[in-house]
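S.K.: Here you go, one structure.
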Amino acid sequence: MPSQWKLHKPLVSLAFPYVVAALNNGVGVKPAMGWNPYNAFACAATEAMYHTQAQSVVSLGLLAVGYQYINLDCGWQATSRDSAGKFQWSNKTLPAGVPALATFVHNLGLKFGVYTDLGVFACDTVGGTAHFIGSLGHETSDVASYASWGADYVKVDNCFAVNSTDFVDFDPPISIKDHFTTMRDALAAAGRPILFSACEWGVQDPARWPGGSVANSWRISNDIGPPNSWDNIFRIMNQVVPITGFAAPGGFNDLDMLEVGNSGLTTAEQQTHFAFWAAAKSPLIISTDLTKASTQTLNILKNTRIIALNQDSLGKSIAFKRRYTNDHDVWSGPLSDGSTVALVINWQDSSRSLTFNLADVGFSSATATDLITGTSLGKITQTLAAHGSIVLKLTNAITAPTPTFTFYPAASGALAGGAITRVVNSSLTVVGFVGNGGTLTLSNVDGGASGGTKLLSFDYINGDVTFSNTACSNCRNTLVSVNGGTAVQVQMPISAQSWDILLSGYMVSLPGFKPGKTNTITLSNPSAFTPDFYRVGVAV
Ligand code: GAL
């Protein structure tokens, strides 16, 4: 599997409007909340385990705070269809059968989900060789079976989508959208409202599929695990940067099932993971063994202030606002009551004091409530654990004046060492192949009357999407030097999954400017490629 690839698509307009048209099937209007076995049990969940976990969702008070779906994952299916071609369950995994399990779940006041795959087979094998059945070509009949068994939700995976030997294809040579559209139409004809959870791993950028959402949620990335790690959280956070604007009631970015409660993340990391997923309007699907859930796990999962962010009727995701490389991130977004949620993530590997700069979310003043603890804050300085976060609800906000920038087109700079221009969408000239020896230097940059530290704003393209972890997963590093001084590392998330859509307004403050118009800014990276640059703004 390639760890990184470029998606060659027709160029689209850079002034790309978010056409958000959600799936209007009456369910999934808010992000789904529930439980799924995969992150804890892989494909080994049994009927007895489904019973126990469903009972735990109720007895631990998780249903009361919104977790309502109990979903099957891999391992419940048979390895062959019946003589009439109908989908069958595994008698070994589910001896009493799916309808009985659905009834058990429904009798607890919960909803029931099934899992299938739009491929020749599903992802997994049993006994080393026998494949679980896939639904490709059987969509209508399979959905009719699921509906008759009492399904309220279906998660649809993407293994063997191309053929019977191509297991997981991160660059499939076919339109995956066609598969999922067929499934959507089968579900629409099922005669029962069924939430459609598309698990396409983001390979063909389902957030941008033309014509509106095909599903109630779509996975945006490769699996969160196993193994469970902070690196996976970082990879997925970077991958959602360009598509936060596509979340809307009825259709949401799915950042994958939760790892809260599983080993591999500290408590602070689990808290950050949960708050980020909630505020990004991802489905919140618990995927841990609830019979062993600690008080800490339950405190994270049952924080009703954080859940309220997720279930807010506006349905808008937080968006990426500012990255202080290796230090902290700032994300924010609107809520239905007119307030703003701000999420500040500590990238440092140790606990530290951090002062949140309100201007990073566009405000000069606001009243802040800490949503993790529920306390009102007089000042926005907090001690944050390694990889911990502050989650703030901001009210009474006053908008800060926006800085004015003088822009320097990248193509007007001096290119050396392999850096070259390329025209995007027949309209914009960007500079590519910066890094690995290539450099871009902008001259005659205005440092104003006093020079010193300046706010810079980058417009760039980075389509370097990654489905497995790298040194910079779904991001690229640029070293920025002002007037030949010490280069500062600036980490830039992807701007899209293709090389034709800009990320505009990536801000960074840098020292070393002289008064007047004799400054230079040099962009480079000795050991990797940077994004392609369109322009750099320097605040007046
Ligand atoms: C993956 C999917 C996971 C899980 C797994 C089962 O493709 O993304 O969430 O369902 O298959 O093997």
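S.K.: Could you list, ordered by first residue, the pairs with Cβ atoms under 8 Å in which the first is in segment 198-224 and of a type in the set (Asp, Glu) and the second is within 11 Å of the ligand (Cβ to nearest atom) and part of a loop (DSSP other than H, G, I, E, B), at least 6 apart or interchain?
M.R.: Short answer, once both residue conditions are applied: 200/158; 223/201; 223/256.
S.K.: I've got another one for you. Take the conditions touching a strand residue (DSSP E or B) at 6+ places or on another chain (Cβ under 6 Å) and in the same structural domain as residue 84 (by TED's automatic domain parsing) and apply them to residue 114. Does it pass?
M.R.: yes
S.K.: Restricting to segment 261-291, give me the number of residues that are away from the ligand (no atom under 16 Å from the Cβ), among the β-branched types (Val, Ile, Thr) and under 24 Å from residue 390 (Cβ atoms).
M.R.: 3
S.K.: Related question: Going by the structure shown, is residue 93 within 16 Å of the ligand (Cβ to nearest atom), in contact (Cβ under 8 Å) with a residue 12 or more places away in the chain, under 30 Å from residue 173 (Cβ atoms) and part of a loop (DSSP other than H, G, I, E, B)?
M.R.: no
S.K.: Here's a follow-up. Give segment 207-224 a look and list any residue that's surrounded by fewer than 19 Cβ atoms within 10 Å (Cβ to Cβ) and within 13 Å of the ligand (Cβ to nearest atom), or say none.
M.R.: 223
S.K.: Then there's this: Are there any pairs, at least 6 apart or on different chains, whose C-beta atoms fall under 8 Å, with the first in segment 359-381 and touching a residue at least 12 places away in the same chain (Cβ under 8 Å) and the second crowded, with 17+ Cβ neighbours inside 10 Å and part of a loop (DSSP other than H, G, I, E, B), and if so, which?
M.R.: Partner pairs satisfying both residue conditions: 368/380; 371/303; 372/303; 380/356; 381/356.
S.K.: For segment 324-358, which residues satisfy the criterion of being under 16 Å from residue 382 (Cβ atoms) and not in a strand (DSSP E or B)?
M.R.: 327, 347, 348, 350, 351, 356, 357, 358, listed by residue number.
S.K.: Next up: Go through 85, 28, 66, 75 for me and flag whichever is among the small types (Gly, Ala, Ser), in contact (Cβ under 8 Å) with a residue 40 or more places away in the chain, farther than 30 Å from residue 505 by Cα and within 16 Å of the ligand (Cβ to nearest atom).
M.R.: After applying the criteria, what remains is 75.
S.K.: From the list 222, 163, exactly one residue is assigned to a loop (DSSP other than H, G, I, E, B), polar (S, T, N, Q) and under 16 Å from residue 136 (Cα atoms). Which is it?
M.R.: Going through 222, 163 in turn, the sole match is 163.
S.K.: Could you grab me the full set of residues in segment 401-425 that are surrounded by 15 or more Cβ atoms within 10 Å (Cβ to Cβ), part of a loop (DSSP other than H, G, I, E, B) and touching a Phe, Trp or Tyr at 6+ places or on another chain (Cβ under 6 Å)?
M.R.: Across segment 401-425, the qualifying residue is only 419.
S.K.: What number of residues within segment 115-135 are within 12 Å of the ligand (Cβ to nearest atom), assigned to a strand (DSSP E or B) and not charged (D, E, K, R)?
M.R.: Of the residues in that region, 9 qualify.
The values are calculated or read from the model by the stated rules, or taken from the named source; none is laboratory data. The structure presented is a predicted model; accordingly, all values stated were derived computationally and were not measured. Methodologically, a virtual Cβ is constructed for each residue, glycine included, from the backbone with ideal geometry; neighbour enumeration extends over all protein chains shown.
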